[in-house]
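Rule-based calculations on the coordinates, nothing more; no lab input. None of these values were measured; they are calculated from a predicted model. Cβ sites come from the backbone with ideal geometry, for glycine too, and all protein chains shown count toward neighbours.
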Amino acid sequence: MRLHNKLLAELFGTFWLVLGGCGSALLAATFANDIGINIGLVGVSFAFGLTVLTMAYAVGHVSGGHFNPAVSLGLAFGGRFSWAELVPYWIAQVLGAIGAAVLLAIIVQGNGSEIGTLASNGFGDASPGKYSMTAVILIEVVMTAAFLFIIMGATDHRAPAGFAPIAIGLGLTLIHLISIPVSNTSVNPARSTGPALVSMVFGGEGGEAALNQVWVFWAAPLVGAVIGALVYRMVVAGSRDENM
């Protein structure tokens, strides 16, 4: 598969992840309670999981279905991805996230609502549960490490064929169920960058603060991804017919 095909798949897949995940948080999580539209934390968690599940089936055979700079880095450390393609993947993923955030900003304002931070991630006052930076870093590292462990295992050549997107999508759903109250759940630097950047550019309240904190949501997921990939390799090291 040519690189430009892979990059287009990653761009659109990340676009879909941010549009579906952050869009559900902005448009349906607490909207119009008087007419019963309120998917809440559980709905948003499933929305993020379903975006990855659907796009992994749709374009996973094209690009590998990363849609996440941390996943790309972790798979590189895990021996499953080319280091030469890492930066181009990151660029495509961030551009996809920005594109989705721009679309959401336009849609949200369609009924006169303020865009706010576009479901950005944060710590301290920007955390849904007002959790400290330390708590946010810890949960982002651990959740991303677990996510990479799931991805590495589900896509191993010895795993049941065809089921990896389901395990990965449900894994991401579980991660959101655990960590939305702490950090609004990133485990994905592109997902964090797009909404924060667009919120600041569009003048959303809290957008500048969200962008100032986005470094945490690069550093912690990237570290977590490397840990998860290396732990998985350690777990399967020496096992029969190993093929990393």
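For segment 48-135, a/c is not less than 1.5, where a ≥ b ≥ c are the root eigenvalues of the C-alpha gyration tensor, and a/b does not top b/c. That puts it in the oblate class.
Rounded to the nearest 0.05, the FRET efficiency derived from the C-beta distance between ASN212 and PHE163 at R0 = 35 Å is 0.30.
Using a Gaussian network model of the chain in which every pair of alpha carbons under 10 angstrom is joined by a spring, one finds that among ILE137, ILE151, ILE107 the greatest mean-square fluctuation is at ILE107. When the chain is treated as a Gaussian network with alpha carbon springs shorter than 10 Å, the biggest mean-square fluctuation among PRO69, PRO165, PRO88 belongs to PRO88. Relative to the longest principal axis of the C-alpha atoms of the chain, give the angle of the C-alpha long axis of helix 3-27, reported between 0 and 90° and rounded to the nearest 10°. Helix 3-27 and the main axis of the chain meet at about 40 degrees. Across the alpha-carbon set of the chain, the Rg to Rh ratio works out to 0.97, Rh being the Kirkwood radius.
Shape of segment 143-244 from the C-alpha gyration tensor: prolate (a/c of 1.5 or more and a/b above b/c, with a ≥ b ≥ c the square roots of its eigenvalues). With R₀ fixed at 51 Å, the C-beta to C-beta distance from ILE107 to TRP83 puts the FRET efficiency at about 0.85.
Taking the Cα centre of the chain as the origin, how large is its charge dipole in debye, to the nearest 20, when only Lys and Arg (+1) and Asp and Glu (-1) carry charge on their Cβ atoms?
Here the size comes out at about 540 debye.
Taking the C-alpha atoms only, the angle from helix 189-201 to the longest principal axis of the chain is near 20 degrees. Measuring nothing but how far apart in sequence close Cα pairs (under 8 Å, 6+ apart) lie, relative to its length, segment 121-244 scores a relative contact order of 37 percent.
Pairs of Cα atoms nearer than 8 Å and 6+ residues apart set the relative contact order; for the chain it is 28 percent. Mind giving me the FRET efficiency for MET133 and ASN38? R0 is 35 Å, r the Cβ-Cβ distance, nearest 0.05 is fine. Between MET133 and ASN38 the formula returns 0.70.
GNM on the chain, alpha-carbon springs under 10 angstrom: the most fluctuating residue among LEU172, LEU230, LEU103 is LEU103. Ordered by the number of other Cβ atoms lying within 10 Å of each residue's own Cβ, fewest first, PHE67, PHE202, PHE48, PHE12 fall into the sequence PHE202, PHE12, PHE48, PHE67. Ordered by the number of other Cβ atoms lying within 10 Å of each residue's own Cβ, fewest first, LYS130, LYS6 fall into the sequence LYS130, LYS6. Compared with the dominant principal axis of the Cα atoms in the chain, helix 164-183 is inclined by about 40°.
Ranking ALA196, LEU17, ASN68 by Cα position along the charge dipole of segment 3-236, where only Lys, Arg, Asp and Glu carry charges on their C-beta atoms, puts ASN68 farthest toward the positive end. Need one word for segment 89-128: rounded, prolate or oblate. Basis is the Cα gyration tensor (sqrt eigenvalues a ≥ b ≥ c); a/c below 1.5 gives rounded, then a/b vs b/c decides. It comes out oblate by the Cα gyration axes. Residues VAL226, VAL187, ranked from the fewest to the most other C-beta atoms within 10 Å, line up as VAL226, VAL187.
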